[in-house]
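Participant: Have a look at this one.
The values are calculated or read from the model by the stated rules, or taken from the named source; none is laboratory data. The structure displayed is predicted, hence computed values, not measured ones. Cβ placement follows ideal geometry from the backbone for every residue including glycine, while neighbour counts extend to all protein chains displayed. Remember, those area values only see protein heavy atoms, side chains included, never the ligands or the DNA or RNA. Shrake-Rupley method; radii C 1.70, N 1.55, O 1.52, S 1.80 Å.
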Amino acid sequence: GERVTRRRPYLLKTTDYTVLEEESGAVFAIATDQKTFTLPPTKKGLVYTFLNTGGAGAVLLTISPDAADKIQGNVSSSEGDNADATTADGLVDQCSGSDDGDLTNTKATANPGDRVTLIGDGSAGWWIIEGVGLWVGA
């Protein structure tokens with residue numbers, strides 16, 4: 001049979017941006033410092049990826065959930081937390097999340113290619129399902 005390849009939208013942004021529900025599945029790239037992506041209210045199955053394409057130590061990327069939503073889960077850290085890997089968590093940033101708490105890719109430790117993918121649970125907020133880099137949740 002014929003194979004159909006579905007491409008994921010790649011959206012390069014340079015300013016603060018409010019993510020739309022219909023953009024589920026997209027990869028949002030940013031190389032501009034101190035910009036924020038604002039998430040829509042959680043809905044089960046919405047998925048977004050955020051990619052830092054700026055230079056090392058050059059771009060602070062912030063993801064802000066709706067006031068009633070939180071971001072939770074963990075990310076494999078490219079540097080930083082538990083860098084000696086002697087703890088049970090290894091190279092992991094854990095994010096327990098709180099309602100209206102932002103998730104940030106810290107500027108000083110940011111690397112090109114740092115990324116995080118979030119999925120909406122339709123209830124409490126967003127879960128991290130994949131990620132690389134030093135991310136801090138509030």
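Participant: Can you name the residue in the stretch 45-72 that is small (Gly, Ala, Ser) and buried (at least 16 other Cβ atoms within 10 Å of the Cβ) and is also farthest from the chain's Cα centre (by Cα) among such residues?
Facilitator: Out of the qualifying residues, it is 54.
Participant: Give the number of residues within the stretch 1-39 that are surrounded by 12 or more Cβ atoms within 10 Å (Cβ to Cβ), closer than 17 Å to residue 61 by Cα and not hydrophobic (A, V, I, L, M, F, W, C).
Facilitator: Looking only at that region, the number is 8.
Participant: Name the single residue that is farthest from residue 122 (Cα to Cα) among those in the stretch 12-47 being touching an Asp or Glu at 6+ places or on another chain (Cβ under 7 Å) and assigned to a strand (DSSP E or B). Even if it seems obvious, please write down each step before you answer.
Facilitator: Step one: list which residues in the stretch 12-47 are touching an Asp or Glu at 6+ places or on another chain (Cβ under 7 Å), which gives 35-36, 39-44, 46.
Keeping just the survivors that are assigned to a strand (DSSP E or B) gives 35-36.
Working: 35: 26, 36: 22 Å.
Ranking the candidates gives 35 first.
Participant: Then there is this: Suppose we keep only residues that are hydroxyl-bearing (Ser, Thr, Tyr) and in contact (Cβ under 8 Å) with a residue 40 or more places away in the chain within the stretch 1-58. Which one would you say is farthest from residue 102 (Cα to Cα)?
Facilitator: 53
Participant: Of everything in the stretch 98-123, what is of a type in the set (A, V, I, L, M), open to solvent by 30 Å² or more (accessible area, probe 1.4 Å) and part of a loop (DSSP other than H, G, I, E, B)? Give them in sequence order.
Facilitator: Within the stretch 98-123, just 108 meets the criteria.
Participant: Against the conditions (1) among the polar types (S, T, N, Q); (2) over 15 Å from the mean Cα position of the chain (by Cα); (3) modelled with pLDDT of 95 or more, where does residue 98 fall short? Just the number, please.
Facilitator: (3)
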